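Read the figures in this text as sums done on the coordinates, not as results from a lab. Computed from a prediction, not measured in an experiment: that's the story for all the values here. Don't worry about glycine lacking a Cβ; one is built from the backbone with ideal geometry, like all the others, and counts go over all protein chains shown.
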Amino acid sequence: MRTIHVRSLSVAAFMLLAFVGTARAQTLLSTFEVQQLVARGEPSDNAKLSAHFATLADRYTAEARQHESMSRSFLGNPSRNLVAGMSEHCMRLAKLNTESATTVRDLAVHHQKLAEGVPSLAPHDAAHFQGGAGATKVTVQDINRLAATAKTTADHHALQEYFQTLAKRYNAEAKDQTAIAQSYRGTKIAQVGVNFDRLAALSRDSAKEATEAAAVHGDLAGTGR
């Protein structure tokens, strides 16, 4: 019975950790949300940003510890070439993770002060994270909501960034598809290359449309509230 009791406690502890992890993940905002809340700057917005950056600090701290652990693990690898390179890479990553954790933790304090009505200046190296670095990926719901409600400068900047990113992806796909098409030319299955040429043309057209959409929102950002 004692063993069953210990196992029950272990399962309960695991479930509690999973719940806490999920709760923390839910406080992370998307890139769009961070940009909008920073631009709006109401007390409730700053409270949400404080929770977001506090969670982000925990994540960077955990990543720093993981990379430190990996660095030590590589030291035990029998391949000297691998040890020399990877151990140093992991330690540098750990250092960068720690620096990021410090910055976003300071940001969490900064936004908590603003939420409480206390004057505060953001850390000098915080602009990257205030712009959405480290935030969760933009969702379809984010895009649809902005498409339906966009009116502020921050809204249009967010949509401009979305379409710019989309254009880059389409251009990269067109480049890959063109390269594949060229590899089929002169072979017995050259028709496959023709199909990839068509795909490349569609990708280039998509990139053009996305670029034009980004330009529209760039213009609207200049007139938004």
Ranked T102, T149, criterion: other C-beta atoms within 10 Å, fewest first:
T149, T102
Where the centre of each part is set by its Cα atoms, how far does the stretch 29-49 sit from the stretch 88-141, in angstrom?
13 Å
For G41, net neighbour charge (Lys/Arg +1, Asp/Glu -1) across residues whose Cβ lies under 13 Å away:
+1
Non-local residues with an amide H under 5 Å from the amide H of T136, with H modelled 1.01 Å from N and Pro and chain starts lacking one, are L29, S30, T31
How about K208: which aspartates and glutamates have a C-alpha closer than 18 Å to its C-alpha, ignoring those fewer than 8 places off in the same chain?
E161, E173, D176, D197, D219
What's the exposure ranking of H124, H52, H110, going from fewest to most Cβ atoms within 10 Å?
H124, H110, H52
If you take every residue apart from Y184 with its C-beta less than 13 Å away from the C-beta of Y184, what net charge results, scoring Lys and Arg +1 and Asp and Glu -1?
+2
Helix-only estimate, please: 222 nm mean residue ellipticity of the chain, summing -39500 (n - 2.57) across DSSP H runs of length 4 or more and dividing by its residues, to the nearest 500.
-28500 deg cm²/dmol
Phi-derived 3J(HN,Hα) across the stretch 39-52 with the Karplus relation (6.51, -1.76, 1.60, θ = phi - 60°), rounded Hz, x for Gly and Pro, is 5, 7, x, 6, x, 5, 5, 5, 5, 5, 5, 4, 5, 4
Which whole-Hz couplings ³J(HN,Hα) result when phi for each residue of the stretch 86-99 is put into the Karplus expression 6.51 cos²θ - 1.76 cosθ + 1.60, θ = phi - 60°, listed in order with x for Gly and Pro?
6, 4, 5, 4, 5, 5, 5, 4, 4, 5, 5, 4, 5, 5
When Lys and Arg each count +1 and Asp and Glu each count -1, what net charge do the other residues less than 14 Å away from A174, Cβ to Cβ, add up to?
+1
